[in-house]
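Written out below as structure tokens is the structure these notes cover.
The values are calculated or read from the model by the stated rules, or taken from the named source; none is laboratory data. None of the values given here were measured: they were computed from a predicted structure. Note that we place each Cβ from the backbone using ideal geometry, even for glycine, and neighbour counts take in every protein chain shown.
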Amino acid sequence: MVASMVRCGRRVLLRGTAVSLLWRSELHSSASARSGLLLGLHTRGVLSGSFPEDAAQDRLPSLLLSGAQTVYCGFDPTADSLHVGNLLALIGLLHFRSAGHHVIAVLGGATAQIGDPSGRTGERERVSADTVEKNTVSIRDSIHRIFTNHEMHFHHSSRSLGTMTVLNNLSWYRNRDVVGFLSEAGRHLRMGTMLSRHSVQSRLKSAEGLSLTEFTYQLFQAYDFHHLNQVYGCRIQLGGTDQLGNLMSGHDFIHKVSGEEVYGLTIPLVTSSVGDKLGKTAGNAVWLNRDRTSPFELYQFFLRQPDSVVELYLKLFTFLPLAEVERLMEQQREDPSKRVAHKRLAAEATKLVHGKEGLASAKRCTNALFHSSVQALEEMSDEELQELFIEAPFHELLLEPGTTVIDACRMVNAIPEGRRGYQMVSDGAVWINHKQEENPEQVMIPKLHILSNGLSLLRVGKKNFYIIKWLSL
Ligand SMILES: N[C@@H](Cc1ccc(O)cc1)C(=O)O
């Protein structure tokens, strides 16, 4: 069993007293709408630390109370979809937006081509400019979708939301000449400090080492922060705990250029007990784009989480008030077999990522698969059915009058040829639309064997599924 935990949650506990004092002072400073945001996020576990470390004590809370701030977080489009691990950073931005602050998601069209060495044991394979561009489009869409879902389903307060902007950092590097950039920007970072970063040190010590390209990464992320500071007045950057070095470089850079105080806030990296990033166990990443991970799979991923983490995940991955989380946990303790907490977690997270329709699809698929519901099967679209039975071959067949069960099985090569196949059906190995069918000569009957959406779900043995879409002339 994979028990999960928030890795830097431990760090928070170690420094517990100091940190909670830091965030608590914000609560005392004002009762205005934005008060308690940092404390609230820290209590939920969404924020784990800040840079400068003592800023969370008074300067940062006062800044947040002084008026709407601009907060940013960056994502490198090295794949065509974000994954569950990135969801927490988006949720962090959404909390700030709900509190009336303006948020910017930066897509690293430029930085994805450099490759961030933070948290990586080896150099990334180079991603071509074309691929990065395609990835950027698909990730931009998913970020917009998630922000819209949040606005529609999770922002219940009368307070107005801050703005949300998605930018691509390639737009400010595309026309920069390399000599100009190095001679201007490069001067604001010191080699000694850059070399001391954990991401650099750990790689320098490894057999693979670190390329110059990767080493320059922190300069780019620092410059991004500076650019957003100049253009949008952005003074806060969010990032995973592995981003701390990059957040510090941004802080140093801006401090050198303008003397302005800016802040970094870290979000815990959620890892499984075996140390994998959340959702990346056994090479099976859980993605936020439907064509990679269906709403049903995402729903099941949260549903399957061990009991030990469900409370934490409700705080991290949903916007439910803490009192509601507590109430759910009480119900869960009363009757753990009902899995109320898991179900709510799965529903909330799926609705955030895929909207109401996505959640309905996840539930339909769950009913069709695990509760053998024919009605759910009947309501499913071709796309859903294929998502559900990812491995199952999909066949489009012409429905001729008199087609029998054995004909259908043979047409999709579900059973061996000849006598053996015939015997398998008679022995009860074949199920159509969740009903056992033991008569090979039985004619395929509409409504029973063929659902009103023109589909038949054929199962041979325990888990060999075949989807047939019947076409009639
Ligand atoms: N370095 C970040 C992504 C990022 C890119 C550009 C930025 O300006 C900020 C962050 C990561 O790998 O997660």
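Inspect all residues belonging to the range 168-178 and state whether any of them is part of a helix (DSSP H, G or I), surrounded by 14 or more Cβ atoms within 10 Å (Cβ to Cβ) and in contact with a Leu (Cβ under 9 Å, 6 or more places away or on another chain). There is at least one residue in the range 168-178 that is part of a helix (DSSP H, G or I), surrounded by 14 or more Cβ atoms within 10 Å (Cβ to Cβ) and in contact with a Leu (Cβ under 9 Å, 6 or more places away or on another chain). Name the one entry in Thr213, Thr165 that is away from the ligand (no atom under 11 Å from the Cβ), closer than 28 Å to Glu125 by Cα and either at pLDDT 95 or above or out of contact with any Cys (no Cβ under 6 Å at 6 or more places or on another chain) (or both). After applying the criteria, what remains is Thr213.
Just one of the listed residues (Glu123, Glu133) is more than 14 Å from the ligand (Cβ to nearest atom) and farther than 22 Å from Val46 by Cα, and it is Glu133.
Answer yes if at least one residue in the range 140-162 is within 16 Å of Gln221 (Cβ to Cβ) and of a type outside the set (S, T, N, Q), and no otherwise. Within the range 140-162 (the criterion being within 16 Å of Gln221 (Cβ to Cβ) and of a type outside the set (S, T, N, Q)), the answer is no, since none of the residues qualifies. Selection of the range 50-77 for residues being within 16 Å of the ligand (Cβ to nearest atom) and in a strand (DSSP E or B) yields Phe51, Thr70, Val71, Tyr72, Cys73, Gly74, Phe75. Screening Ser138 against (1) out of contact with any helix residue (DSSP H, G or I) (no Cβ under 8 Å at 6 or more places or on another chain); (2) more than 25 Å from Val231 (Cβ to Cβ); (3) within 12 Å of the ligand (Cβ to nearest atom) leaves a single unmet condition, (3). Taking first residues from the range 231-246 that are without any contact (Cβ under 8 Å) to a residue 24 or more places away in the chain and within 12 Å of the ligand (Cβ to nearest atom) and partners that are polar (S, T, N, Q) and in a helix (DSSP H, G or I), no Cβ contact under 6 Å between residues at least 6 apart in sequence or on separate chains turns up. The residue list Ser62, Ser81 contains one member that is surrounded by fewer than 22 Cβ atoms within 10 Å (Cβ to Cβ), in contact (Cβ under 8 Å) with a residue 12 or more places away in the chain, touching a Phe, Trp or Tyr at 6+ places or on another chain (Cβ under 6 Å) and hydroxyl-bearing (Ser, Thr, Tyr), which is Ser81. There is no residue in the range 310-325 that is at pLDDT 95 or above, of a type in the set (Asp, Glu) and closer than 23 Å to Arg145 by Cβ. Among the residues of the range 109-164, none is identified as under 16 Å from the mean Cα position of the chain (by Cα) and outside any helix (DSSP H, G or I). Do we have Asp80 as in contact with a helix residue (DSSP H, G or I) (Cβ under 7 Å, 6 or more places away or on another chain), charged (D, E, K, R) and away from the ligand (no atom under 12 Å from the Cβ) here? So Asp80 passes the test.
With respect to the conditions (1) closer than 27 Å to Pro61 by Cα; (2) modelled with pLDDT under 95; (3) of a type in the set (D, E, K, R), Asp291 falls short on a single one, namely (1).
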